[in-house]
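Chemist: Below is the structure I would like to discuss, written out as structure tokens.
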Amino acid sequence: MTAHNKTQKSTASRKRTIGVNAILFAVLVVVGLVLVNVISARVYSRGDLTEDNLYTLSASSKKLIKSLPRPLHVKVFVSEKLLPGYRETAQYIEDLLDEYKNASNGNFKWEVIHPELKDEYKKEAERYGIKAFVARAKAAHALEARTITFGIVLSYTAPGKSEQVEVLPQIFPGIERNIEYLLSERIKRLTVRRKKVLVLTGHGAFPIQQQDKIKQFLQALFTQYEVQMYPTAGKTSLPDNADILLVATPNRPYTKKEEKLINDFIMKGKSALFMIDGLTKRQRPMMMMQKNRMPPIFVGGHSGLEDLLKTWGVTINQDIVMDHKLQIFPVGRRVIFHPAIPAIRVPGMRGTVTPFLASTLSVKQTYLGKGKGKPFHILPLMVTSSKAWVQKPPFIFSIQSKPRPSEDTKLKAYLLGVAVEGSLPSLAASANTKDATGTAKLAVKHSKGTARIVVIADADMLWLTRQMMPNRVFIQNVMDWLAQDETLVKLRNKMAQDRSLTLPDSRAKILAIKLANMVGLPFLVILAGFVLLATRKMRRKKTEL
Amino acid sequence: MSKTWTIYKRELGEYFYSPVAYAAIVILLFYMGWKGLNLILEAAQPEANMRPFFAFSPWILSFVGPALTMHLISEEKGRGTMSLLLSMPLTDWAVVLGKYLAALTVLTAALVLSLAYPITIAAMGNLDWGVTVGGYLGLLFMGACTLAIGLMTSSWTKSQFLAFIIGAFSCLMLWELGNPQTLMWLPSSLVGFFQYLALGTHMKNISKGVLDTRDFIYYLSIIGASLLLAVQSLESRRWR
């Protein structure tokens, strides 16, 4: 073998070694990266950049789960083979349940059950009311359909009680946005004593013949509370076990005796929600004849609670408020205009009730007057836009065209709802009264501790909670504020965040915005390129010279 | 590091004095503006939400990334200047990293310009800037991946066109892996694996405003592996 051949061979051998080493190194690094990914799938952390921490377990959920006195079991019944979309949702829910578990004191337990694996599992799911349903997802050219089971069961046994169960029977993609609220709301319902809401009846605000339906509706609205319908006629006091009163616009005014009942209730440091406008419906004979097809007329009315509310610094006016932001909104069979009332942030309430609500919708809304309270605070809760005006009753409640203010009308913002908090004075604060035995005694001057009341000059807002999510969230938040339990308020607000776009009125303006962005921006880049090129050429010329 | 900096400066200068960067930026901005803004403004109930924009924008990055990087190594190989460059006292890593960072700067510039869209939307509604920042981070990381893949394919061939085709095809494949329509055809045992491999799956999380270490580790792994393969491809001259 010649020296040349030897050198050639050794070079080839060295090259081979380098090559093998290089390939081995690359393979090792790639394997290392795969391992890092496998480990990171198990050990990971998440941050949430969303403004209202949409995808992070909120502090209130953590607090709720940390205080569980007994084990709470969560079972996720989910098919093994899921369609795309559902799979990601299942993953999200599992991650969230892990977060609940990590935040708990060991009393939160959860498991995944695939019902198709055993008949026993399937029967268990069905026993809880979780049934298989047809899920659909977009495939290449058509909709792919598959029968799946996807539901959640939460069970809890309170001391001295039988097992209580809450069920989310069907889970769909997109539930990620409010799944935390749905879970925490149910956990709270299972584990925390429900406060009692007393709905005052007997004055036509809630017709007797519909009371079962109304109770059902209110119970579905105030899921965290126990709703009780309570006729005030002939009563000398309101039940001690009640926590919050709900008083709506009466058809017949409350008597002085009933006004005192409410006053005494608040003096115990309890709360009340007054949804009272200053109007009364006037029945028209024509209306009766034409089977309710005629729109009703509203005239100024009295609730009988004017003095009481005045004691707390609130007066209710009888003029109907109109706002330039009127919307068409269907009520019953008619389509009419309503003033859309923007709610505002209230710093005094630390924004807990209305932080994200851009607007709530009110019907035949009157407005409030606000005095100055001491030692209590009166905080504005709802106001109109600054372009609102009022219309004197009588008012026919069917607007066929958008109402406009007359030219000489002064436009301004009107107060529609207030929250009052503090040591509230008694209606008969300075008067001597007699008790049942006839003994004279000094009336309680101020409420015990902190009492809270909310006055909204619109009774119908309550009914609009069915169709209007912001109204629902608003009323539920108000109720939680009154109950001094704001655990769910922030979670609820996550769902209600208003992010609607206010587009320009004309199509031409929208087109201009689009063109400025689509064409204008690239054009500027091209222009910058030409400028840079020209500068370079000039510099080159100078150098050549 | 100074060697990487030298290469970086040289490549960045090349970018801005050639039509490549401008063409890529203009195409990217036009597509993002046209598709993304239309989706937001023409929705049945328009919302101040950039998620539709982030759902469609990554797709164009599968083309823009390889387009920006296709010439970086293949052109030098074709012209024969690569041997000259590698004969200088530079490591292969310095060359690859310098070129990669220059391409990344161009892409970042394009993304910064596209901030005009969220600013426009924010002027008309209550935009969640957290989600927007998350979405842009996602776009940046996804773009960084497509650039790394483009650079890798550029190191494999002397033809820029071929480098672009292979790069764009690889990126599209990685993008399509996470597409529900594609996953539908896979056996369910493999779905999770392929879904994890897909560029879009991770982008989807980040564009919601959720920063998950899993997503960033995935993106950094793709970038690391691609750049390593590009370096190995250059080094192969020593053993081929």
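The values are calculated or read from the model by the stated rules, or taken from the named source; none is laboratory data. Values in this document were obtained by computation on a predicted structure and should not be read as measured data. Quick reminder, even Gly has a Cβ in these numbers, built from the backbone with ideal geometry, and neighbours come from all protein chains shown.
Chemist: Considering only region A:244-288, give the strands (runs of 3 or more DSSP E) lying wholly within it that have at least 1 residues that are at pLDDT 90 or above and buried (at least 22 other Cβ atoms within 10 Å of the Cβ). Let's see the steps before the verdict.
Modeler: Numbers: elements: A:244-248, A:271-275, A:279-282.
Ranges flagged: A:244-248, A:271-275.
Chemist: Quick one: which residue in A:T487, A:T502, A:T535 is assigned to a loop (DSSP other than H, G, I, E, B), within 11 Å of another protein chain (Cβ to nearest Cβ), β-branched (V, I, T) and farther than 28 Å from A:F206 by Cα? Working first, answer last.
Modeler: Values: A:T487 fails: within 11 Å of another protein chain (Cβ to nearest Cβ); A:T535 fails: assigned to a loop (DSSP other than H, G, I, E, B).
Selected residue: A:T502, the only one of A:T487, A:T502, A:T535 that is assigned to a loop (DSSP other than H, G, I, E, B), within 11 Å of another protein chain (Cβ to nearest Cβ), β-branched (V, I, T) and farther than 28 Å from A:F206 by Cα.
Chemist: Also: Out of all the residues in region B:68-91, is one or more touching a Leu at 6+ places or on another chain (Cβ under 6 Å), of a type in the set (D, E, K, R) and either surrounded by fewer than 16 Cβ atoms within 10 Å (Cβ to Cβ) or part of a helix (DSSP H, G or I) (or both)?
Modeler: Taking every residue of region B:68-91 in turn, none turns out to be touching a Leu at 6+ places or on another chain (Cβ under 6 Å), of a type in the set (D, E, K, R) and either surrounded by fewer than 16 Cβ atoms within 10 Å (Cβ to Cβ) or part of a helix (DSSP H, G or I) (or both).
Chemist: Among the strands (runs of 3 or more DSSP E) confined wholly to region A:312-420, which include 3 or more residues that are outside the structural domain of A:F474 (by TED's automatic domain parsing) and modelled with pLDDT under 65?
Modeler: Values: elements: A:314-316, A:320-323, A:326-331, A:334-341, A:368-370, A:376-383, A:388-391.
By residue number, A:326-331, A:334-341.
Chemist: Please tell me if B:V26 is under 21 Å from B:A168 (Cβ atoms), under 16 Å from the mean Cα position of the chain (by Cα) and modelled with pLDDT under 85. Even if it seems obvious, please write down each step before you answer.
Modeler: Numbers: under 21 Å from B:A168 (Cβ atoms): yes; under 16 Å from the mean Cα position of the chain (by Cα): yes; modelled with pLDDT under 85: no.
Taking the combined requirement at face value, the residue does not satisfy it.
Chemist: Are there any pairs with C-beta distances below 9 angstrom linking a residue in region A:192-208 that is surrounded by 16 or more Cβ atoms within 10 Å (Cβ to Cβ) to a residue that is among the basic types (K, R), with the two at least 6 apart or on different chains, and if so which?
Modeler: A:V199/A:K215; A:G202/A:R252; A:H203/A:R252; A:F206/A:K215
Chemist: Testing B:F63 on (1) within 18 Å of the chain's Cα centre (by Cα); (2) over 27 Å from A:R536 (Cα atoms); (3) within 14 Å of another protein chain (Cβ to nearest Cβ), one condition comes back false. Which one is that?
Modeler: Tallying (1) within 18 Å of the chain's Cα centre (by Cα); (2) over 27 Å from A:R536 (Cα atoms); (3) within 14 Å of another protein chain (Cβ to nearest Cβ), B:F63 fails exactly one: (3).
Chemist: Right, A:M469: surrounded by fewer than 21 Cβ atoms within 10 Å (Cβ to Cβ), within 13 Å of chain B (Cβ to nearest Cβ) and modelled with pLDDT under 85 or not?
Modeler: Numbers: surrounded by fewer than 21 Cβ atoms within 10 Å (Cβ to Cβ): yes; within 13 Å of chain B (Cβ to nearest Cβ): yes; modelled with pLDDT under 85: yes.
Yes, satisfied.
Chemist: Let me ask something else about it. Do we have A:L33 as among the hydrophobic types (A, V, I, L, M, F, W, C), in contact with a helix residue (DSSP H, G or I) (Cβ under 9 Å, 6 or more places away or on another chain) and facing another protein chain (nearest Cβ under 9 Å) here? Talk me through it step by step, then tell me what you get.
Modeler: Working: among the hydrophobic types (A, V, I, L, M, F, W, C): yes; in contact with a helix residue (DSSP H, G or I) (Cβ under 9 Å, 6 or more places away or on another chain): yes; facing another protein chain (nearest Cβ under 9 Å): yes.
For A:L33, the condition - among the hydrophobic types (A, V, I, L, M, F, W, C), in contact with a helix residue (DSSP H, G or I) (Cβ under 9 Å, 6 or more places away or on another chain) and facing another protein chain (nearest Cβ under 9 Å) - is met.
Chemist: Given (1) within 12 Å of another protein chain (Cβ to nearest Cβ); (2) closer than 22 Å to B:T69 by Cα; (3) modelled with pLDDT of 90 or more, where does B:G200 come up short, assuming only one miss?
Modeler: (3)
Chemist: Related question: From (1) more than 11 Å from chain B (Cβ to nearest Cβ); (2) farther than 17 Å from A:E180 by Cβ; (3) out of contact with any Gly (no Cβ under 9 Å at 6 or more places or on another chain), pick out the condition that doesn't hold for A:V78.
Modeler: (3)
Chemist: Out of (1) away from chain A (no Cβ under 14 Å); (2) modelled with pLDDT of 90 or more; (3) surrounded by fewer than 17 Cβ atoms within 10 Å (Cβ to Cβ), what's the single condition that is false for B:I119?
Modeler: Going through the list (1) away from chain A (no Cβ under 14 Å); (2) modelled with pLDDT of 90 or more; (3) surrounded by fewer than 17 Cβ atoms within 10 Å (Cβ to Cβ), B:I119 breaks only (1).
Chemist: Residues in region B:202-218: is at least one among the hydroxyl-bearing types (S, T, Y), buried (at least 20 other Cβ atoms within 10 Å of the Cβ) and closer than 30 Å to A:D52 by Cα?
Modeler: Going residue by residue through region B:202-218, those that are among the hydroxyl-bearing types (S, T, Y) are B:207, B:213, B:218.
After this cut, where a residue has to be buried (at least 20 other Cβ atoms within 10 Å of the Cβ) as well, the list is B:207, B:218.
Now restrict to residues that are closer than 30 Å to A:D52 by Cα: B:207, B:218.
Yes - at least one qualifying residue is present in region B:202-218.
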